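Asks: One structure is given below, represented as structure tokens, and several questions about it will come after.
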Amino acid sequence: MTFQRARTEEQRNERRRQILDAAAALLAEKPVADLTLTGLSHRVGLAKANVLRYFESREAVLLALLEAEIAGWLAEMDTTTPLEGGSARERADRFAELVATSLARRPALCDLMSAQSSVLEHNISAETAIRHKYAIRGHVDVLIGITRRHVPELSPEDSGHLLELLMLVSVAAWPASRPPQAVLDAYTADPELGALRIDYAEMVRSAVALTAAGLLTREREPR
């Protein structure tokens, strides 16, 4: 580091970025549940008390990282090209495939999303919660726009419903697709049980495609 103590706002922002980079590096090695404030402070080269100068808790660090990971994912999704021609159903299927495969390539994001409500939103202040919720709302607005670029037949309201379902399915499917070793061994030992194993990308793709199909059908019905 080129400075020992962050004194300017630029230096403080740089220190926050270093802490988030360290947290991201740790999540490449271990799940959210195993990431500790002690391990984070060691990775970034700061005392725990100094880490807490920039983030009020471990959970606040991970919430900020979640926001950054979502922003990165949205930037990727924004570069995707909608299917030209074809029916609304076909374009929705294409969008579902893009969403599922892009999320599956981002295990840290999936892990953070699955822990958001049950872990990350605990041990934080109301101020941090407000800031986080506004950040997430902004991300959702961006994703609604991306959704409608791919499937313009979906209204903003229905696009919002589709994304709510996407988040709920992703949160449930991610941990379910990563069972403990004993369960993996059971799947290997008994092929009938192996059929129960969850494929995260396929579960998300199927849920988004089926929900979009239902919403498109409803859009065509007389009001």
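Laboratory data are not the source of any read-out in this text; all were calculated from the coordinates shown. Computed from a prediction, not measured in an experiment: that's the story for all the values here. Reconstructed Cβ throughout: ideal geometry from the backbone, glycine too, with neighbour counts over all protein chains shown.
Asks: Out of the residues in segment 89-101 that are in contact (Cβ under 8 Å) with a residue 60 or more places away in the chain and crowded, with 18+ Cβ neighbours inside 10 Å, state the one that is nearest to H139 (Cα to Cα).
Replies: V99
Asks: Output the helices (runs of 4 or more DSSP H) that fall wholly within segment 1-106 and possess 1 or more residues being in contact with a Ser or Thr (Cβ under 7 Å, 6 or more places away or on another chain), or say none.
Replies: Passing ranges, in order: 48-54, 58-78, 88-104.
Asks: Could you please give the count of residues in segment 122-167 that are outside any helix (DSSP H, G or I) and surrounded by 16 or more Cβ atoms within 10 Å (Cβ to Cβ)?
Replies: 4
Asks: Before we move on, is I198 closer than 21 Å to E90 by Cα and of a type in the set (V, I, T)?
Replies: no
Asks: Checking R178 against (1) under 13 Å from V99 (Cβ atoms); (2) crowded, with 16+ Cβ neighbours inside 10 Å, which test does it fail?
Replies: R178 satisfies every listed condition except (1).
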